[in-house]
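Asker: Take a look at this one; I'll ask things after.
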Amino acid sequence: MYEKIVAFIQNTFATKNFIPLHEPRFIGNEKKYLNECIDSTFVSSVGAYVDRFEKEFALYVGSKYAIATVNGTAALHVSLVLMDVGENDEVITQPLTFIATCNAITYCGAKPIFVDVDKETLGLSPAALRIFLDENAEIRENQCINKTTGKVIKACVPMHSFGHPCKIDEIKAICDTWHIALIEDAAESLGSYYKSQHTGTFGKVGAFSFNGNKIITSGGGGVIVTDDEVLAKRAKHITTTAKVPHKWEFVHDEIGFNYRLPNLNAALLVAQLEQVNYFLENKRALAKIYEDFFESLDVQFIKEPKDSKTNYWLNAIMLDTKEQRDLFLEYTNSHGVMTRPIWTLMNKLEMFKMFQCGDLSNAIYLEERIVNIPSSVRI
Ligand SMILES: *Cc1c(COP(=O)(O)O)cnc(C)c1O
């Protein structure tokens, strides 16, 4: 069967050469805008492309403001800072995520708490979240207090895994009830919608990534989105060294970050965003091809969850056992077809293994069985 899968993927990508998991495509105005940017000499922290990208991105996802950052991790870090997450706070997230989510929480001096995911969305489970809070938390003075540690559970960061929206409206309702700030890690979900609303726009703030393997890329880059003008202004301020605007004086009114996206990267992103709808259609067509093929093999293909439109950023299949998964990874990777397992659960990593967890049965099940398969835009 593995031989058949490799042949199918080679056929689908019309090559027998190495097939990577996700390659960027620069088939629009990238070179033109980059050249314009270089000719203008505004290649760094100030420039028209940054402003243009922020406007166009906000419009695309349907949020009032977008603030570009140097990468997605920085966008997440600042999102947490905006929600006042600091030393001694706790932040609920899912164990099945890329390391950046937990790193950002840790940069604030806060501690992650791991709550299980849903099998059908691969994202944070509202049912598991409700159970965790009912069992472990109480409201005191309008704050959610963890009864075990006595600390404030300040925020919750669900992640839309591989672009599949989690049940974000239910999660939002729970967070509201418990006075927990909702921050979406939408790094993987540009172009994914839950009940016709763009992911990343449900919480107070959302973060996206434009790393080389994402839906659109600027080499490295990220963005924070919000509908709140005060938060948007503060995001811009602290990502640009907290400098008080003045024609010549250098006065900074707090410890800020040098997290601004360079204009060069923004030029690339403006061109990439022009093509995002084409990329999405192309990726959804590929997903349909995979879906039909794996159905014929009786292999489970991870499909768009209910009430959602997904970007199919990375296609994934679920194998029956960990042993099968390992054999599949071995076979495909040694036959020029790049595949990879889902992330090692965050709560297993040395830096995070001491933190509190809910029941993680679904995450453990998925960790052993999920494999990503080549998902680039085909041209
Ligand atoms: C890519 C990604 C990020 C951000 O990564 P950067 O490389 O810093 O842009 C954050 N969270 C998740 C889940 C991601 O996949």
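The values are calculated or read from the model by the stated rules, or taken from the named source; none is laboratory data. Because the structure is predicted, anything quoted here is derived from the model rather than measured. Heads up, the Cβs are rebuilt from the backbone with ideal geometry, glycines too, and the neighbour counts pull from every protein chain shown. The accessibility values were calculated without ligands, DNA or RNA, using every heavy atom of the protein model including side chains. Shrake-Rupley method; radii C 1.70, N 1.55, O 1.52, S 1.80 Å.
Asker: Which one, Ser192, Phe210, Gly62, projects farthest toward the positive side of the charge dipole computed for the stretch 30-275 from Cβ point charges (K/R +1, D/E -1)?
Answerer: Of Ser192, Phe210, Gly62, it is Phe210.
Asker: Still on this structure, please answer the following. Would you mind estimating how fast the stretch 30-275 diffuses translationally, via Stokes-Einstein at 37 °C and 0.692 mPa s with the Kirkwood radius over Cα pairs, in µm²/s? Could the numbers behind the result be given before it?
Answerer: Details: Rh = 18.3 Å.
Estimated diffusion coefficient is 180 µm²/s.
Asker: What does the extension gain come out to for Tyr365 and Glu323, with contour length at 0.36 nm per residue minus their alpha carbon separation? Kindly include the intermediate steps, with their values, before the conclusion.
Answerer: Details: separation 42, 0.36 × 42 = 15.12 nm, distance 1.28 nm.
Result: 13.8 nm gained on full extension.
Asker: In a Gaussian network model over the chain where Cα atoms closer than 10 Å are linked, find which of Thr217, Thr332, Thr201 has the largest mean-square fluctuation.
Answerer: Comparing Thr217, Thr332, Thr201 in the GNM, the peak value goes to Thr332.
Asker: In what order, largest first, do Tyr278, Tyr312, Tyr65 sit by accessible area if the probe radius is 1.4 Å? Don't skip to the end; give the middle numbers.
Answerer: Working: Tyr278 95, Tyr312 15, Tyr65 70 Å².
Highest to lowest solvent-accessible surface, that is Tyr278, Tyr65, Tyr312.
Asker: Moving to a separate point now. Take every Cα-Cα pair in the stretch 127-187 and report what % of them are more than 20 Å apart. Display every interim value, and only then the final one.
Answerer: Values: 477 of 1830 pairs.
For the stretch 127-187, the share of Cα pairs beyond 20 Å comes to 26 percent.
Asker: To the nearest 0.05, how large is the calculated FRET efficiency for Glu295 and Asn258 if R₀ is 41 Å and r is the Cβ-Cβ distance? Please list the in-between numbers first.
Answerer: Details: r = 49 Å, r/R0 = 1.20.
Efficiency at R0 = 41 Å is approximately 0.25.
Asker: For Lys236 and Glu138, what is the calculated FRET efficiency with R₀ set at 41 Å and r taken between the beta-carbons, to the nearest 0.05? Mind showing how you got there, number by number?
Answerer: Values: r = 36 Å, r/R0 = 0.89.
That pair, Lys236 with Glu138, gives E of 0.65.
Asker: Nearest-5 percent of antiparallel DSSP beta bridges in the chain?
Answerer: Details: 31 of 48 bridges.
Beta bridges within the chain, antiparallel portion: roughly 65 percent.
Asker: Among Asn88, Asn29, Asn11, which one shows the highest mean-square fluctuation when the chain is modelled as a Gaussian network with alpha-carbon springs under 10 Å?
Answerer: Maximum among the listed residues: Asn11.
Asker: Here is a further query. Compute the accessible area per residue over the stretch 284-379, keeping the other protein chains in place, probe 1.4 Å, unit Å².
Answerer: On the way: 4470 Å² over 96 residues.
In whole numbers, the stretch 284-379 has 47 Å² accessible per residue.
Asker: Measure off 7 Å from each Cα along the Cα-to-Cβ vector at Thr149 and Glu274, then give the distance between these two points in nanometres to one decimal.
Answerer: 4.7
Asker: Lys195 to Ala127: FRET efficiency via 1/(1 + (r/R0)^6), r the Cβ-Cβ distance, R0 25 Å, to the nearest 0.05? Display every interim value, and only then the final one.
Answerer: On the way: r = 18 Å, r/R0 = 0.73.
Efficiency for this residue pair is about 0.85.
Asker: A further question follows. Roughly how many debye, to the nearest 20, is the charge dipole of the stretch 30-275 about its Cα centre, given +1 on each Lys and Arg Cβ, -1 on each Asp and Glu Cβ, and no other charges?
Answerer: Working: 23 positive and 30 negative charges, 66 e Å.
For the stretch 30-275, the charge dipole is close to 320 debye.
Asker: Sticking with this structure for a sec: Tell me which residues come under 5 Å, amide H to amide H, from Thr339 once H is placed; ignore anything under 5 positions away on its chain.
Answerer: So Thr339 has HN proximity to Asn333.
Asker: Once both labels are modelled 7 Å past Cα along the beta-carbon direction, what's the Thr344-Ser45 spacing in nm?
Answerer: Computed distance between label sites Thr344 and Ser45 equals 3.6 nm.
Asker: Which residue, Ser209, Ser161, Ser63, has the most motion in a Gaussian network model of the chain that connects Cα atoms within less than 10 Å?
Answerer: Ser63
Asker: How much of the accessible area of the chain, in percent, comes from carbon and sulfur atoms when a 1.4 Å probe is used?
Answerer: Values: 8630 of 16240 Å².
Result for the chain: 53 percent of the exposed heavy-atom area is carbon or sulfur.
Asker: Determine the percent antiparallel among the DSSP beta bridges restricted to the stretch 166-232, to the nearest 5.
Answerer: The antiparallel proportion sits near 70 percent.
Asker: A further question on this structure: How high is the relative contact order of the stretch 30-275, in percent, with contacts defined as C-alpha pairs under 8 Å that are six or more residues apart? Write out the running numbers ahead of the final one.
Answerer: Working: 558 pairs, mean separation 66.2, N = 246.
Value for the stretch 30-275: 27 percent.
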